Number of protein chains: 2
Amino acid sequence: MITVEVALPGRSYPIHIGSGLLAQAELILPHLRGRQVMVVSNPQVAGLYLPALRQTLEAQGLRVAECLLPDGEAYKDLEHLACIFDRLLAEGMDRRCTVLALGGGVVGDMAGFAAATYQRGVNFIQVPTSLLAQVDSSVGGKTGVNHPRGKNMIGAFKQPALVLIDIDVLATLPKRELAAGMAEIIKYALIRDREFLDWLDLHAPAMMQGEPELLAEAVARSCRHKAEVVLRDEFEEGERALLNLGHTFGHAIETHCGYGNWLHGEAVAAGMVMAARMSQQAGDLSQADVDRILALLQACQLPSQPPAMHADDFQSLMAHDKKVLDGRQRLVLLRALGHAEVVEVEPERLRQALQSMLHA
Amino acid sequence: MITVEVALPGRSYPIHIGSGLLAQAELILPHLRGRQVMVVSNPQVAGLYLPALRQTLEAQGLRVAECLLPDGEAYKDLEHLACIFDRLLAEGMDRRCTVLALGGGVVGDMAGFAAATYQRGVNFIQVPTSLLAQVDSSVGGKTGVNHPRGKNMIGAFKQPALVLIDIDVLATLPKRELAAGMAEIIKYALIRDREFLDWLDLHAPAMMQGEPELLAEAVARSCRHKAEVVLRDEFEEGERALLNLGHTFGHAIETHCGYGNWLHGEAVAAGMVMAARMSQQAGDLSQADVDRILALLQACQLPSQPPAMHADDFQSLMAHDKKVLDGRQRLVLLRALGHAEVVEVEPERLRQALQSMLHA
């Protein structure tokens, strides 16, 4: 087991990463407050992992209730958030209860927001079951739901007391979702860890085969990177923006294609290639660098091309990103492999770049 | 103008109290972040005070939008909270906007919760227009909405950047609501300020006539008391419980009679008399002490008797209060005028006390 300690000002919490952790009650017990646990999950994940987790907890005399949400970004809204409150109150959970998120990003975001606001805040534990949630949602404390007019428009910062990452659950994750998580892992390498990029070039194929020790190591390294960046820039004003490599392009792809048709990680993969090509146009990356990124993404069965779209449509969708301030498009580009920077890009330069890439 | 500075760890905010403050843009401007203000109010209060406030803000080049909620505790729910998010997004308010609550406790609680969770937190300013909200909600940061199964079950702590208390707005407050606010003011005197009790004995009649300077002084003194208590006990484990004098009895009255039939302050007034009578039974207060409390409440046209209820029903409603831990009833009682304590009361003693008071 690897433990990454996230040292927040005033408090800190551990991320435990390894095999068979769901059965180890001694990892969870120190982070509970009362004796009541509300597990928030979705039917598919719950069917696979809730019975074992429930047994682990009930064997310790804890009272375990469950709240199953329909799976998917489409249900990440206030209406389904209310279902969690209904269940908490129907089960008589008091302010010393623990909300435990067992699932991917949607479950984690909603359960975390419920934990942040039920009785003005109760204890929260995350058990992320998708690779993407393991490397992305475990650190940062962002929780929330969507509004018809925008993603994640309603939410709160809520830090967990514990993140428990049982690598074994990745065995049942669809290959396409495993790949989507790989995209975020590759992102950490590209923005700040060239050595990790070498490591991924070597090990990505075995990770895609589900090799648990390599997956655990990559998850731990990714969580450490995110923790370092977030702790240095809690309020999202500087370095934290680098975590958005590929995301502004990616959001345009997701919006154009409809959420769910492209997975978030897939859109980010294609977006990272677009960022890399702009960095190449600026003279910061070589053709060999770009080819290397392409090869790594392809080894993970990730897309390296955006879908067929008009450059004007693409640029207009990018302009709706909430990182746009006063009309200036700020993009995360690569100065070198393992080194990213936020760059303000003139609309005309962006238009030309998009035309060259979208008609490539 | 009187200013009470609430010194939170890491930051602080002012409560400005005086006449004509709604017209003084220079008090508000330093506490805005961007140029967008969403005023949350209800139709009645907005009809009286929004035009002037809007003029004050728009004269400074600010963009002002409004969200009017139906008045009353019955609408303090997730469904109406969603209306605030709808308005914020329809008006294109970004994360640098300010949510300004113009109204009583319901408006303040809902606007504050929206400010705590819109885009994971935006700037918040409170302009409380009821005496109760001025002395109770201005300090403490509690925001939230009700659930069918319980009051304030969903919420967050959100500190305002500014509380602006324009005493002039009390001129249009119904006398009954003015009295309800007086109950909370008297509470501060009873739990921790005997000198303030002397002052109130002298000035309560003129305050009930709306004398602005006396009202401003009493509001400031109450806010100072609440700030002192809350800052010493941020997490509600000790001294802060004293602020609940009369409230456990009062909640039983409110629940029995249905919310809105007894105003919160009225139920607290009757509850404080019940606490005082228990303190008298324990030998801590004299008959003269109790008579003095009764006379002050009567000078404020507040009830000093609970409604006709059976002692068993009353006790059972008290047991549902969320301050009950493990079946022990904890009550705030008076050791003397100006000095309160939390006391654990045996069920049998409480039953006898209730029987003597409810059949009096």
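Every number here is computed from the coordinates shown, using simple stated rules; none is lab data. All values derive from a computational prediction rather than experimental measurement. Every residue, glycine as well, gets a Cβ built from its backbone with ideal geometry; the counts of neighbours run over all protein chains shown.
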Lys/Arg +1, Asp/Glu -1 at C-beta; region A:175-358 dipole; positive extreme among A:MET272, A:VAL342, A:LEU231: A:MET272
Radius 13 Å from Cβ of A:HIS264, net charge of other residues (Lys, Arg +1; Asp, Glu -1): -3
Three-way shape label, region B:175-358, alpha-carbon gyration tensor, a/c 1.5: prolate
Principal-axis tilt of helix B:264-281 within chain B, Cα atoms, nearest 10 degrees: 30 degrees
Rotationally averaged projected area of region B:73-206 (alpha carbon convex hull; nm²): 9.3 nm²
For B:GLU348, label point 7 Å along C-beta direction: distances to other copies, nm: 9.2
Ranking of A:PHE124, A:PHE196 by count of other Cβ atoms within 10 Å, fewest first: A:PHE196, A:PHE124
Calculated SAXS-style log₁₀ I(q)/I(0) at q = 0.08, 0.10, 0.11 Å⁻¹ - the protein assembly as shown, Debye, Cα scatterers: -0.71, -1.01, -1.15
Cα gyration tensor of region B:209-307 - equivalent ellipsoid semi-axes, whole Å, descending: 21, 19, 17
Net dipole in debye of region A:2-172 [+1 Lys, Arg Cβ; -1 Asp, Glu Cβ; about Cα centre; nearest 20]: 560 debye
Charge tally in the Cβ shell below 9 Å around A:VAL40, where Lys, Arg are +1 and Asp, Glu are -1, A:VAL40 excluded: 0
Peptide B:152-161 - average C-beta neighbours from other chains (10 Å radius): 4
Rg in Å to one decimal, and Dmax rounded to a whole Å, for region B:2-171 via C-alpha atoms: 14.5, 45
Separation between Cα centres of region A:122-165 and region B:9-37, rounded to whole Å: 33 Å
Structure-based [θ]222 nm, chain A - -39500 (n - 2.57) summed over DSSP H runs of at least 4, per residue, nearest 500: -15000 deg cm²/dmol
Size of charge dipole - the protein assembly as shown - debye, nearest 20, with Cβ of Lys, Arg +1 and Asp, Glu -1, no other charges: 60 debye
Relative contact order (%) - criterion: Cα under 8 Å, at least six apart; region: chain B: 15 percent
Degrees, to the nearest 10: A:194-208 long Cα axis against longest axis of chain A: 60 degrees
Fewest-first ranking of B:MET182, B:MET1, using other Cβ atoms within 10 Å as the exposure measure: B:MET1, B:MET182
Cα Rg over Rh - region A:1-58, Kirkwood: 1.00
Debye, to nearest 20: dipole size of region A:117-262, +1 on Lys, Arg Cβ, -1 on Asp, Glu Cβ: 620 debye
Of A:LEU202, A:LEU215, A:LEU57, the one that fluctuates the most in a GNM where chain A has Cα springs shorter than 10 Å: A:LEU202
Residue exposure sequence - A:LEU242, A:LEU164 - by fewest surrounding Cβ within 10 Å: A:LEU242, A:LEU164
Shortest-first distances to equivalent copies, position B:THR3, nm, label 7 Å out along Cβ: 4.8
Cα-Cα separations in chain A greater than 38 Å, expressed as whole percent: 16 percent
Helix B:78-90 vs. chain B, principal-axis angle (Cα, 0 to 90°, nearest 10): 20 degrees
Residues in region B:145-164 that a label on B:GLU26 would reach, taking backbone N under 20 Å of a point 7 Å out along Cα→Cβ: B:162-164
Distance (nanometres) between label positions extended 7 Å along Cα→Cβ at A:SER356 and B:ARG176: 7.4 nm
Positive-end residue of A:SER130, A:ALA23, A:GLY108, charge dipole of region A:2-172 with Cβ unit charges: A:GLY108
Averaged over B:140-151, number of beta-carbon atoms from partner chains that fall within 10 Å: 2
